[in-house]
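Trainee: I have a structure here, written as structure tokens, and I will follow up with some questions on it.
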Amino acid sequence: MSPPTQNPKKIISVDAKPEAITIDISKTAVIVVDMQNDFGTKGGFFDHAGIDISMIQRAVGPTARVLTSARQAGVKIIYLKMGFHPDLSNLGTPDSPNRMRHLRFGVGETVRTPDGTESRFLIRDTWNTDIVSELKPQPDDVVLYKHRFSGFYETDLDATLKNLAVKYLIFTGCTTSVCVESTVRDAMFRDYLCLLLADCMGEPVGYDLPRNNHEASLVLIQTLFGWVSDSSEFIRALEAQSSAAA
């Protein structure tokens, strides 16, 4: 009998900083961090707090194109969503910084959604924690809740990635210097190779400064924690591999 055939590696090279990165897309997942109504939609948590969300909204289009190309290439998509239990039991102890800072901004407060229905800020399984409509998860995608900035803290993310034999993580989402960077750091500590797509993420903190937090995080990550590219380069690499395979 002939030996069983194995799926050939699907290798792509993505132009990035500090140098091009070679990726096996059969061992790759795209991570979509917190692209939910509370952060990227009018009437959500950020918007209600008076935070500029324009840079997050601008990341939606490039992210949608990346997800389309990734799905066509058979790359797994994993969504992370920031959300707490209705009783706020996983927000932290009374004196925890996570609890105090989130309560200061109104986590758990009741709000009316754009269609007039009642919801609550950053509470699981509500309109507020739904992924923005343009990036709606598909049936084969993985959706995981988290209750801290890092997607690895007390979640099934690491186990899910190991079960899928994933080694390379393509990061999109918000916000760059908080939840994205926190998750990237924890990923690097676990020996995942992380590629950030700069135009697929946004950061309101320090947005009006001459040297903003978004750019600072990207410089830090390309220096120490991973690689930085953009949506067009990643899509180009996927399309080149597809053409070569055909």
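The values are calculated or read from the model by the stated rules, or taken from the named source; none is laboratory data. The structure presented is a predicted model; accordingly, all values stated were derived computationally and were not measured. Backbone-built Cβ (ideal geometry, glycine too); neighbour counts: all protein chains shown. Quick note on the areas: whole protein, heavy atoms, side chains included, nothing else; ligands and nucleic acids left out. Shrake-Rupley method; radii C 1.70, N 1.55, O 1.52, S 1.80 Å.
Trainee: Using only the heavy atoms of the protein chains and a 1.4 Å probe, how would Leu193, Leu80 rank by accessible area, largest first?
Mentor: Leu193, Leu80
Trainee: If you don't mind, there's one more thing I want to ask. Quick check: residue separation of Glu134 and Ala20 times 0.36 nm, minus the Cα distance between them. What number comes out in nm?
Mentor: 38.1 nm
Trainee: Per residue, how large is the accessible surface of the range 12-91? Use a 1.4 angstrom probe and give square angstrom.
Mentor: 36
Trainee: Here's something else I'd like to know. Between Ala245 and Thr223, what is the spin-label point distance in nm, taking each point 7 Å from the Cα along the Cα→C-beta axis?
Mentor: If labels sit at Ala245 and Thr223, their model points lie 3.7 nm apart.
Trainee: Would you grab the residues whose amide H sits under 5 Å from the one on Asn90? Only those 5+ places off in sequence or on another chain, please, with H modelled 1.01 Å from N.
Mentor: His85
Trainee: I need the shape label for the range 108-164. Rule: rounded when a/c is under 1.5, else prolate if a/b > b/c, else oblate, with a, b, c from the alpha carbon gyration tensor.
Mentor: Oblate.
Trainee: Only Cα pairs within less than 10 Å get springs; with that Gaussian network setup on the chain, which residue of Ala59, Ala29, Ala216 has the largest fluctuation?
Mentor: Comparing Ala59, Ala29, Ala216 in the GNM, the peak value goes to Ala216.
Trainee: Looking at the chain as a GNM with Cα springs under 10 Å, which of Pro94, Pro137, Pro18 has the largest mean-square fluctuation?
Mentor: Pro94
Trainee: What FRET efficiency comes out for the pair Asp141/Asn163, r = Cβ-Cβ distance, R0 = 22 Å, nearest 0.05?
Mentor: Rounded to the nearest 0.05, the efficiency is 0.90.
Trainee: Not counting the cut sites, what is the longest span of the chain without GluC sites (Glu not before Pro) that DSSP labels loop and that have at most 15 other Cβ atoms within 10 Å?
Mentor: Within the chain, the longest run free of exposed GluC sites (Glu not before Pro) spans 155-246.
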